[in-house]
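J.: Could you have a look at this structure, given as structure tokens, before my questions?
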Amino acid sequence: MLVKRRDPRSGFERPGLRCRQADRLAPTASRRLFLIAFALILGAGSAVARSAELDVQPQQSTDGVYQLTWQADGRVVVEEAVEPSFASPRVVYRGLDQATTLTGRSDGTYYYRLVHADDLSVAQAEVVRVTVAHHSSARALGFFAVGLGVFMSTVVLVLRGPDDHGPAKAMERTGEGAQDG
């Protein structure tokens, strides 16, 4: 069926096959269904194929400081939980980096997992566990005492000055260092 249409760019009327052009350009219901199914299959396949590696060093921390490292494609979210079921996870990192250092954790056991930030699918990485057990107060006071002893020894040596009985004084007394050839 020939109809006259206005060209949107020029504004002139021109003959065209409106019905057949629309039929060629508009996707049919079966074509739409195929495209949706294809997209879902690709999406599901990519979610299954997306794996990642998550690691933590050290696994037992005595100062509440440790580093999480991972190998993953794209943006990731690192979630932390205090139970392995991740019933109430907390986001501790979001971005493109491959590592983050966590500090200031109190005593307890923490669990971490990766989530792909693009589609919020959980990465197929192992959940890692970190146990934080700070030094006891007695051990911390022992470290302090040793440090105080080293500091005081250094202060005494600096204030006392050079030793009058060292190797340089012995050479001066014997005359070995005073005359050269």
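Bear in mind these aren't lab numbers, they're just calculated from the coordinates by the rules spelled out. If you're wondering where the values come from, they're calculated on a predicted model, not measured in any experiment. Cβ atoms come from the backbone with ideal geometry, glycine included; neighbour counts cover every protein chain shown.
J.: Please compute the modelled spin-label separation between V91 and E53, points set 7 Å along Cα→Cβ, answer in nm with one decimal.
T.: 2.7
J.: Taking the Cα centre of the stretch 50-132 as the origin, how large is its charge dipole in debye, to the nearest 20, when only Lys and Arg (+1) and Asp and Glu (-1) carry charge on their Cβ atoms?
T.: Magnitude of the dipole: close to 120 debye.
J.: At 10 °C and a viscosity of 1.306 mPa s, what translational diffusion coefficient does Stokes-Einstein give for the stretch 65-123, taking Rh as the Kirkwood radius over Cα pairs? Give it in µm²/s as a whole number.
T.: It diffuses with D of about 133 µm²/s by this estimate.
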